[in-house]
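Colleague: Quick one: this structure, given as structure tokens, is what I'll be asking you about.
Every number here is computed from the coordinates shown, using simple stated rules; none is lab data. All values derive from a computational prediction rather than experimental measurement. All Cβ positions, glycine included, derive from the backbone under ideal geometry; neighbour counts span all protein chains shown.
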Amino acid sequence: MRIHGIQTGSVAVRSRQRRGAGPGPLRLAATLADRQWTEPLPILAWVIEHPEGLIVVDTGETSRASQRGYFPAWHPYFRLGVREWVEPEEEIGPRMRRLGLSPADARWVVLTHLHTDHAGGLGHFPGSEILVSRRELELASGLAGSLRGYLPQRWPAWFAPTPVDFSGRPFGPFEYTVPLTEAGDVMLVATPGHTPGHMSVLVRLEGRLVMLAGDSSYTQALMLEGAADGVTGDEALARETLRSIRAIAEQQPTVYLPSHDPESLGRLARMEPAMAVHPTRAEEPALV
Ligand SMILES: [Zn+2]
């Protein structure tokens, strides 16, 4: 098994999106009112070469996002909260081909959530089974989804994902997991917070747990600190998820890879765990 990290362009958001401020409904307002932008952050996606087939986790962004009118100008988040830079050759399809992989061979495409910079590359995978949590799909669909900042009007016409219900067994501090591979070495785990239907992917590789964490947090440091972002509608839930991630990282060597952390690709290359694991706590729950 092998995991590739793929950068599909860059995104900048308001600094308060990365580390949120303010209570409840004022959080998003505080984010949009922030004058400060982050530096351009990578938009990452992942490809797992697995004996059971090619697994793509998130699809990154489309270069069409750089065109005028692609984002709805009426929506305050797209008007005030985000800037993206994606060249056609940076899309996930061409990036995969450069690695000698064909998007047509993707058996599964797992979307951590449906925000545009994770679902924008869907058009490269018309023949794959696409997995999204049922809750995320419900919240992102239709006019209500558009109001929440999703772009359902940009999904490919053929988009009919398999909804994932999180009723599976717990894993360590996580309440719900769903195995993806028959071998049980790749699992989906509910990580609500950034969005209510957000999920992450856990991979058992080389004696480590690799967590493809989507937007659970924007950086590893913010996860360790337990700091929720500035777009979550439920700060307490986001912090609880971050506590669970930290707990698993304390129990076993965990390589934590969020989608917009400039350090994620380096940590993957070094298989570098988020924390040193205390030897007395070595009896970690098995993934399988
Ligand atoms: Zn997101």
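Colleague: Normalise the Cα radius of gyration of segment 132-228 by 2.2 N^0.38 Å (N = residues in it) and let me know the number.
Modeller: 1.18
Colleague: How much of the DSSP bridge set in the chain is antiparallel, in percent, rounded to the nearest 5?
Modeller: Values: 32 of 47 bridges.
Bridges in the chain are about 70 percent antiparallel.
Colleague: Any idea what the alpha-carbon Rg over 2.2 N^0.38 Å comes to for the chain? Intermediate values should be presented prior to the final figure.
Modeller: Working: Rg = 17.7 Å, N = 288, 2.2 N^0.38 = 18.9 Å.
Expressed relative to 2.2 N^0.38 Å, the Cα Rg reads 0.93.
Colleague: Taking 7 Å along the Cα-to-C-beta vector as the label spot, tell me the Arg270-Ser15 distance in nanometres, rounded to one decimal.
Modeller: Result: 2.6 nm between the two label points.
Colleague: How large is the dipole of the chain about the Cα centre if only Lys and Arg carry +1 and Asp and Glu carry -1, each at its Cβ, rounded to the nearest 20 debye?
Modeller: 660 debye
Colleague: Taking 7 Å along the Cα-to-C-beta vector as the label spot, tell me the Ala157-Ala183 distance in nanometres, rounded to one decimal.
Modeller: 3.9 nm
Colleague: Cut-off 19 Å, label point 7 angstrom out along Cα-to-Cβ of Asp105: give me the residues of segment 33-72 whose amide nitrogen falls inside.
Modeller: So the set is 45-59.
Colleague: Could you run the Debye sum over the Cα atoms of segment 170-288, one equal point scatterer each and no solvent, and tell me log10 of I(q)/I(0) at q = 0.11 Å⁻¹, two decimals?
Modeller: -0.32
Colleague: Let me know the volume per residue of the alpha-carbon convex hull for segment 1-127, in Å³. Write down the numbers at each step before the final one.
Modeller: Working: hull volume 15.3 nm³, N = 127.
That works out to 120 Å³ per residue.
Colleague: Something else now. Tell me what the chain gives for mean residue ellipticity at 222 nm when only DSSP H runs of n ≥ 4 count, each as -39,500 (n - 2.57), the sum divided by the residue total, rounded to 500 deg cm²/dmol.
Modeller: Details: 9 runs with 66 residues, N = 288.
That calculation yields -6000 deg cm²/dmol at 222 nm.
Colleague: Now, a different point. How many nm is it between the label spots at Arg68 and His4, if each spot is 7 Å from the Cα in line with the beta carbon?
Modeller: Using points 7 Å along Cα→Cβ, the separation is 3.6 nm.
Colleague: If you don't mind, there's one more thing I want to ask. Taking a ≥ b ≥ c as the square roots of the eigenvalues of the Cα gyration tensor of segment 1-63, is the shape rounded (a/c under 1.5), prolate (a/b larger than b/c) or oblate?
Modeller: Working: a/c = 3.83, a/b = 2.43, b/c = 1.58.
Prolate is the answer for segment 1-63, as a/c is 1.5 or above and a/b outweighs b/c.
Colleague: Follow-up. What does the convex hull of the alpha-carbon atoms of segment 134-175 project to on average, in nm²?
Modeller: Numbers: hull surface 15.8 nm².
Its average projected convex-hull area is 3.9 nm².
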